[in-house]
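First comes the structure, then the notes that go with it.
The values are calculated or read from the model by the stated rules, or taken from the named source; none is laboratory data. A quick note: this is a predicted structure, and the numbers were derived from the prediction, not measured. Positions of Cβ are backbone-derived with ideal geometry, glycine not excepted, and every protein chain shown enters the neighbour counts.
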Amino acid sequence: MQTDVAIIGGGPAGLLLSQLLMKAGIRTVVLERKPRDYVLSRIRAGVLEWGSVELLEEAGVGDRMHKEGQPHHGCYLTSDDRMIRIDFLEGCGKQVMVYGQTEVTRDLYEAQEALGATILHEVDDVALHDLQSEAPFVTFTREGAQHRLDCAYVAGCDGFHGISRPSIPAEVRQEFEKVYPFGWLGILSRTPPVHEELIYANHTRGFALASMRNPMLSRYYIQVPLNDRVEDWSDDAFWEELRRRLPTEVAETLVTGPSIEKSIAPLRSFVCEPMQWGRLFLCGDAAHIVPPTGAKGLNLAVSDVFYLSRALKAQYNGGDGTLLTSYGADALQRVWKAMRFSWSMTTMLHDFPGQSAFDRRVQRVELDTLANSAAARGILAENYTGLPY
Ligand code: RFL
Ligand code: PHB
């Protein structure tokens, strides 16, 4: 088997890259470890920066997003009963789109099918070879048989636990990591969202987030200790705890119902440098992880794909390899800004075990600054809606 770009991983990063490259006449093969239904059953991100919206439009998957997604012009940060609105339009003239990652992935699968893409599911034992040469190749097994895929470039889009990042020799890689001492327990329920905008709630009992997917589908999260298990949390216990952490006037309007998904995600900041080695280029969670507090994970995967698709198109369409050489450096500049933002949102809004009275006062001053300074709200709005590519 032969192609131009071998893409490891059929999550949002891999599918979007394949879609943009195929539209430019560049051949791709996507290798995905899981069945398609499994990939589509993962409930993850919910907020798209406007730059992500525009790249999805360019990829030809904007129609359903514009029909079913909800543009949001602001969000709230709250602390006990105090509500601070961050007006995105006033702060930076931009907005975000609330449209679930599950829907983005589904749209991409359908668009890929329409283009006749080669997406191989349930592949195992993927291994990358000769990445420093001009003729790298990928080996894998599928349905019991061994296969070899020859290519010119490999895109590592296989998430945090994939094989691409560890294919860069350990002595070349530098990894930066911060693990947070809590997780997020999230539920999805067929209930109307408690508020028309997202609410990020700081509370002495711990952080909470009220988000949504559509007018009859809500997504809520509460901060929980790392050793809590999903089985420890009944739906009733979840709703009671969420209610306590939201401002009273909001909590009073909360509509509850059975959860249709419930899971705990740990929080971590992680960056691998470099993001490229020879002919291997890492994209998305394969190269970096952010805590979800800034809604940046999926959006960073999309901006990496922007830089890599642009570089590959320049190489294939005009023989110019400059952007490929600078891919990692270009992507990392934006990655580190999102790292800082996600870390600062996480630090400002969560209750850290053992947090001192000093730390609490500093959190309070940060929230005061947002309440009192249009400039501070502008900076938050700029980062939340997405810095320019
Ligand atoms: P993905 O989505 O993890 O996709 C990687 C794909 O690669 C496949 N794969 C392999 N395929 C072949 N061979 C191998 N050896 C392979 N190993 C792995 C996997 O099966 C998978 O299909 O990475 P991608 O495309 O970079 O996209 C990144 C986003 O998915 C991610 O940043 C966000 O979902 C992060 N994230 C969240 N971000 C937000 O902005 N808001 C959220 O609420 C939010 N919640 C989450 C999240 C990530 C989570 N993870 C990764 C545990 C909740 C969770 C639980
Ligand atoms: C979500 O809807 O899942 C969501 C929204 C915003 C975040 C994190 C998660 O910051």
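Residue-level check: of (1) over 15 Å from the mean Cα position of the chain (by Cα); (2) away from ligand 2 (no atom under 16 Å from the Cβ), MET345 misses just (2).
Would you pick out the residues in segment 299-322 that are over 17 Å from GLY156 (Cβ atoms) and either of a type in the set (A, V, I, L, M) or in contact (Cβ under 8 Å) with a residue 40 or more places away in the chain (or both)? Please lay out each step first, then the result.
We begin by selecting, within segment 299-322, every residue over 17 Å from GLY156 (Cβ atoms); these are 299, 310, 313-322.
Within segment 299-322, ASN299, LYS313, ALA314, TYR316, ASN317 meet the criteria.
Checking the structure you have, find out if any residue of segment 54-68 is of a type outside the set (A, V, I, L, M), part of a helix (DSSP H, G or I) and either within 16 Å of ligand 2 (Cβ to nearest atom) or at pLDDT below 95 (or both). Even if it seems obvious, please write down each step before you answer.
Narrowing segment 54-68 to residues of a type outside the set (A, V, I, L, M): 54, 57-58, 60, 62-64, 66-68.
From the residues that got through so far, the ones that are part of a helix (DSSP H, G or I) too are 54, 57-58, 63-64, 66-68.
Subsequent filtering for residues that are either within 16 Å of ligand 2 (Cβ to nearest atom) or at pLDDT below 95 (or both) retains 68.
Scanning segment 54-68, I find at least one residue that is of a type outside the set (A, V, I, L, M), part of a helix (DSSP H, G or I) and either within 16 Å of ligand 2 (Cβ to nearest atom) or at pLDDT below 95 (or both), so the answer is yes.
How many residues are in a helix (DSSP H, G or I) and of a type in the set (Ser, Thr, Tyr) if we restrict to segment 92-137? Total satisfying the criteria: 3. Beta carbons closer than 7 Å, at least 6 apart along the sequence or on distinct chains, pair a first residue in segment 218-232 that is over 14 Å from LEU254 (Cβ atoms) with a second that is of a type in the set (Asp, Glu) for GLN223/ASP351. Tallying residues that are among the small types (Gly, Ala, Ser) and over 17 Å from the mean Cα position of the chain (by Cα) within segment 173-217 yields 5. Output the residue which, of all residues in segment 180-230 that are of a type in the set (D, E, K, R) and within 12 Å of ligand 1 (Cβ to nearest atom), is nearest to LEU267 (Cα to Cα). The qualifying residue nearest to LEU267 (Cα to Cα) is ARG219.
Considering only segment 288-324, how many residues are of a type in the set (A, V, I, L, M, F, W, C) and either near ligand 1 (Cβ under 9 Å from one of its atoms) or under 16 Å from the mean Cα position of the chain (by Cα) (or both)? Walk me through it before giving the result.
Keep residues of segment 288-324 that are of a type in the set (A, V, I, L, M, F, W, C), which gives 289-290, 295, 298, 300-302, 305-306, 308, 311-312, 314, 323-324.
Cutting the leftovers down to either near ligand 1 (Cβ under 9 Å from one of its atoms) or under 16 Å from the mean Cα position of the chain (by Cα) (or both) gives us 289-290, 295, 298, 300-302, 305-306.
Total meeting the criteria: 9.
Kindly establish whether VAL30 is closer than 18 Å to THR118 by Cβ and either within 16 Å of ligand 1 (Cβ to nearest atom) or touching a Pro at 6+ places or on another chain (Cβ under 8 Å) (or both). Yes, satisfied.
Just so you know, in segment 342-384 the residues that are outside any helix (DSSP H, G or I) and away from ligand 1 (no atom under 16 Å from the Cβ) include one that is surrounded by the fewest Cβ atoms within 10 Å (Cβ to Cβ), and it is GLY354. The residues on offer are VAL61, VAL29, VAL53, and the sole one that is buried (at least 18 other Cβ atoms within 10 Å of the Cβ) and in contact (Cβ under 8 Å) with a residue 60 or more places away in the chain is VAL29.
Close contacts from segment 170-187, counting a first residue that is loosely packed, with under 12 Cβ neighbours inside 10 Å and assigned to a strand (DSSP E or B) and a second that is at pLDDT 95 or above and not basic (Lys, Arg), with Cβ to Cβ under 6 Å and a gap of 6+ residues or different chains, come to GLN174/GLU273; GLU175/CYS272; GLU177/PHE270.
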